[in-house]
1. For residues in the stretch 152-206 being of a type in the set (D, E, K, R) and open to solvent by less than 70 Å² (accessible area, probe 1.4 Å), which is farthest from ILE244 (Cα to Cα)?
2. Mind listing whichever residues of the stretch 79-111 are closer than 13 Å to ILE234 by Cα, surrounded by 21 or more Cβ atoms within 10 Å (Cβ to Cβ) and free of Cβ contacts under 8 Å to residues at least 60 places away in the same chain?
3. Just the residues that are at pLDDT 90 or above and either in a loop (DSSP other than H, G, I, E, B) or surrounded by 15 or more Cβ atoms within 10 Å (Cβ to Cβ) (or both), please, taken from the stretch 129-141.
4. So VAL188 passes all but one of these: (1) out of contact with any Leu (no Cβ under 9 Å at 6 or more places or on another chain); (2) under 22 Å from ILE92 (Cβ atoms); (3) among the hydrophobic types (A, V, I, L, M, F, W, C). Which condition number does it fail?
5. Take ALA469 and decide whether it is among the aliphatic types (A, V, I, L, M) and modelled with pLDDT of 80 or more.
6. Do you know which residues across the stretch 242-270 are at pLDDT 80 or above and open to solvent by less than 30 Å² (accessible area, probe 1.4 Å)?
7. Among the residues in the stretch 545-563, are any open to solvent by 40 Å² or more (accessible area, probe 1.4 Å), small (Gly, Ala, Ser) and closer than 25 Å to ASP232 by Cα?
8. Can you pull out the helices (runs of 4 or more DSSP H) entirely within the stretch 553-637 that have at least 2 residues that are in contact (Cβ under 8 Å) with a residue 24 or more places away in the chain and more than 16 Å from LEU651 (Cα to Cα)?
Amino acid sequence: MKLKSLLISSFLWSSIILAAPVDTGHAEVSIIKSKQSDNSRIVNLGIKMDMKAGWHTYWINPGDSGGVIDIEWTLPDGNETSDVSYPSPHKIPYPPLMTFGYEDYVIFPLTLSLDDPNQDIPISAKIDFLICADVCIPETALIQTSLNSIKNDIELNTWINKVPSVLLPNIASVNDNNLELRFSFNEVIENIYFFPEQENIFIYNLNQELIKEQNNWLLKIPLISDSPSNLDGILIINNQSFVIKSQLEESSSSAMDSISIWQALIFAFIGGLILNIMPCVFPIISLKALSFVSMGGGSTRKVRLHALNFCLGVIISFLAIALAILLLQKGGTMVGWGFQLQSPVIVAFLAVLMFVIGLVLLTDINIGTSLTRLGSVGNNDSSYLGSFMTGVLAVIVASPCTAPFMGAAIGYALIQPSAITVPIFLSLGVGFSLPYLLLALFPSLITRMPRPGEWMNTLKEFFAFPMFATSLWLLWVFSFQTTTESLISLLITILLVSTIFWIITKSKSKTIRILSILTVLIIISIQLSSINTSQVNTNTNKPISTTSSEAWNINIENELKELDQAYLINFTAAWCITCQANDKLALSKPAVKAYLEENDIKYIKADWTNRDNDILKILTEYGRTGVPLYLYWKPGLDQTLILPAVLTEELLLNSL
């Protein structure tokens, strides 16, 4: 007996020393790694389980029965491992039970963070797992090795790619003891299954009910008991895996069904038309109007072509935004209206651009570019490219604004298939460009405008100051997104740009002017490339509102409803002009503050100045993809109320 024990111990010890796969009885378990660069502090590891035929182990939610893998690591101080990642699971039915996991073979990826990438470290792992066939057996693999002794295995990269990473936009709700999951998918669905991460909540049927609705798909999963507040899991469609993350609402209808495609098209058209008079767009639109006035007495053909080129710039820009959003969503990135202003690089670029436009309008500089021809509205400019680029610029500066009707239309568009999303953005562009389309159809309307004169140059110079104001506002937004050092650097850049523009006005040499403008472009490029987006200011306590508020979190609505606590949630952003106007005209008014305090209504602010996927999830669930969004609830209300996107003091008090 002693000899037998000694032989077994010797065998186990040799397996440990050589880091060979450990035979646990029904599986061979080993640690593998992928080839890394020499100085990398992050190493990809994998727990490789080669099981006997017919045996299986389990996913993070094993289903009706089973257990997940558990690993106890022993590492030197300063080194640590991540949790294991779970590749897409399979259904493993054992009627009447349904389990989720992996049959015959699986690799669980994870990462190892090293304190010193040039040092070999000892690694010890105790791996406990449940392995099943007709019976289930808990087994353990003890592996003791070193980092350099672990075998490189190219198969690990294949299994890393099997871990779902693409986020699928969706709306989840509960209706008649069923989870209803709505989403868009542009292909015919041949097979589908939702694997929830939460245990003991759903009934795991072999097949789940799929319904093709007018503009989307509906998947129904029966519930065992009360639904969770959040939903996490993997949706496998036609063998493609998607990550599902959503907040559940107890509701008999989805926000996706609140409007039809025709209503969305009409809302987008009206919202685009109203966008013309929003504060972020008005200065650019006014400049274009002045350029049309300067054409008074000219040929109707010229007026028509300028108007059409402006409209073309607007419509192509809206379509480009739609396609960019669709591509980002296809890659698993959730984005919404105004998403580009969550990038400090883009905000910095626009701040400098608005300042340069202001200088051009104020100084009459003309160096032959379409941008500087904004300053030649009184000179009968004939650049059709200038009209096109003004349309593009108008759309760029329109992104911080959300007009009435527009939020619901865009929210609807971005959770639909691309065949519906693109027409809605097209309708938005047509609405925005409608006044100029009318001018293209009826160019004689130009004769009804005031006659050209010196007043136009005076007004053109006056419009430089709204451009400077816009630049200041973007600098304010930039201060929320980055560090103080980055803000000072951007201010120095603007100072240098203004100095070079002064040199241009004093020089008559064409060569000096060209060199100066090249210098401006180089300075701006250096500044933008120096912005470290990894140092984004994530301090959400920095006030962008004069009304005191409480911190927001993704579960706050459910928490407050359980306490029967009334609340008003303000989804806002520093770059959202509509949000800031609503704050000044309504939310910050003494009467509103007093009403909230007297009626014990908690005021909560969700700040979306910087990218926050939790906020975007909630916006999507309420049929929106941008701010502002105002949510109000009090005891006695069946559902949360969505307040209008544009508020006044009287309107807000009446709504409350």
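1. ASP153
2. GLY101
3. Listed by number, the residues that qualify are PHE129, LEU130, ILE131, CYS132, GLU139, ALA141.
4. Against the list (1) out of contact with any Leu (no Cβ under 9 Å at 6 or more places or on another chain); (2) under 22 Å from ILE92 (Cβ atoms); (3) among the hydrophobic types (A, V, I, L, M, F, W, C), VAL188 comes up short only on (2).
5. Yes.
6. Correct list: PHE242, VAL243, ILE244, ALA268.
7. yes
8. 556-562, 577-582, 613-621
The values are calculated or read from the model by the stated rules, or taken from the named source; none is laboratory data. This one's a predicted model, so the numbers in the text were calculated from it and none came from an experiment. Because the Cβ atoms are built from the backbone with ideal geometry, glycine has one as well, and the counts that use them run over all protein chains shown. Protein only, heavy atoms only, side chains kept; ligands, DNA and RNA dropped before computing areas. Shrake-Rupley method; radii C 1.70, N 1.55, O 1.52, S 1.80 Å.
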